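Taken together, the values in this text are just the output of simple stated rules run on the coordinates, not laboratory data. Predicted, not measured: the structure shown is a model, and the values here were computed from it. Cβ placement follows ideal geometry from the backbone for every residue including glycine, while neighbour counts extend to all protein chains displayed.
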Amino acid sequence: MALRFLKSRRAKRTYLAIAILVVTFFVFDDFLMPLYVNHGGTFEVPDVTGMPFEQASQFLDSVGLEPRQGYVRSDPNHPEGTVLQQNPLAFSTVKSGRRIYLTVSGGEPLVEVPSLKGRSIRDARFKLETRGLELGAVAYKPSVDFPENTIIEQNISPGSRIRQGSRIAVVVSQGPSADRIAVPKVTGRSLVEAERMIKQRNFKVGQITYQASSEFLPNTVIDQYPRGGDLVSVDQAIDLFVVQVSSKSQKQPLER
């Protein structure tokens, strides 16, 4: 009996201790913690994402919070200076004077323009494409300082930072002689348009060879000689290779 009585008293003490701990937890969580947090005032963090950084800073400052600029991140979908993220998050409850860190858009990513001087057109195009840029208009002029078919000028200075997808126009040396000009590239164009382009440059239309093709429409220029961009004298004739009849349009014999 005495042993059973002692076990009963120990169990009651255990239950009582657990009950005291539970009550203490709820009192601390529901009363003491809120009193501590609310000491000095609390605020619900406003949502400032999408605002310009200056406007967001003024707004946070007006409600007793302390804005701070955090990371600057490239983002082509938001103008430069726009708030992308905030920490703490919007609608969080914080004490007065809490610092709010703002991640800001750096705008569309910019790339550095490489130096193209002295390069061939092919090398220049490859160099630009590796940086997300494109080769623009190509002009030719005589030069005694640069070998034929090398770039001597570019319209945007090396080292400039510009948007991806921008075009860089260049001037190419045609050697020391000015009596040769670049052949226009007419492949992929219709025969009528190709002849017009050739004559506009004071060239002559040379021999026209017709070939069958399943990939292009009839009367499309699929090759030329000299090639587009070659430097030749103005009296040079340009031979063209033109699609006569697409193989897809040819009638197939009926099966019997």
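Some values worked out for this structure:
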read-out: In the stretch 142-166, the residues that are in contact with a Ser or Thr (Cβ under 7 Å, 6 or more places away or on another chain) and either at positive phi or basic (K, R) (or both); value: N149
read-out: Listing of strands (runs of 3 or more DSSP E) fully contained in the stretch 147-232 that carry 2 or more residues being polar (S, T, N, Q), in contact with a strand residue (DSSP E or B) (Cβ under 8 Å, 6 or more places away or on another chain) and closer than 30 Å to V243 by Cα; value: 204-213
read-out: Qualifying positions in the stretch 90-105 - among the small types (G, A, S) and buried (at least 18 other Cβ atoms within 10 Å of the Cβ); value: S105
read-out: Residue satisfying all of: in the stretch 73-130; of a type in the set (V, I, T) and in a strand (DSSP E or B); nearest to G229 (Cα to Cα) among these; value: V111
read-out: Single residue of S233, S177, S166 found to be small (G, A, S) and within 15 Å of L116 (Cβ to Cβ); value: S166
